[in-house]
1. Out of (1) at pLDDT below 95; (2) surrounded by fewer than 16 Cβ atoms within 10 Å (Cβ to Cβ), the odd one out for residue 39 is which?
2. Quick test for you: out of 113, 95, 85, 151, pick the one residue that is buried (at least 19 other Cβ atoms within 10 Å of the Cβ) and farther than 23 Å from residue 64 by Cα.
C-alpha cells in the first residue's frame, strides 16, 4: 500500500511540475551570461576606499565596489583582491556583504562570491537568487563557469516552471 501511495504522490508531483507548478531540486545546471567570458581580460575595479597590504599580496576595496571584466559586472560593499604570488596579476576576488553579478541578460545575487580569475569560476553562496528574463531560481550555492557560460545551482534549488501556454 505504501508503494502505491508513493507512486501516486510522484505522479501528482510530475503532473504539477509539467502544468507549471513549483520545482525544487538539489542540483540544477543552467546557462549563465550572453556569451562565454574571457578570464584573461583585464579586471577593472572602482571603489570609495582601497587598502593595500604588500606583505601578503592583497588589496581590500570598500564602499560601493564595482568590478568589471568584459561583459561581466560585479557589485558589493567589500572586495578582497588576492594577487598572484609573483605579483603579475590577480589570482582571485572575494566579494562580501551582499553581491550582485550581471552578465548579459542574466543577474544573480548572493551574500558572498569568490571569483578565481585564473580558472574563470565564480562560487556564489548564501541565499542565491538567479534571474533570467521572466524566470527566477533560488539556491544555497551557485558555481558559475564564465568560460563555458554555464552555472550549476545546488542546495535546495527552487524555481517555478511555466508551461508553454503561459509564456
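The values are calculated or read from the model by the stated rules, or taken from the named source; none is laboratory data. Keep in mind that this is a model prediction, so the values were computed, not measured. A quick note on method: Cβ atoms are made from the backbone with ideal geometry, for glycine too, and the neighbour counts reach across all protein chains shown.
1. Going through (1) at pLDDT below 95; (2) surrounded by fewer than 16 Cβ atoms within 10 Å (Cβ to Cβ) one by one, residue 39 breaks only (2).
2. Going through 113, 95, 85, 151 in turn, just one is buried (at least 19 other Cβ atoms within 10 Å of the Cβ) and farther than 23 Å from residue 64 by Cα: 151.
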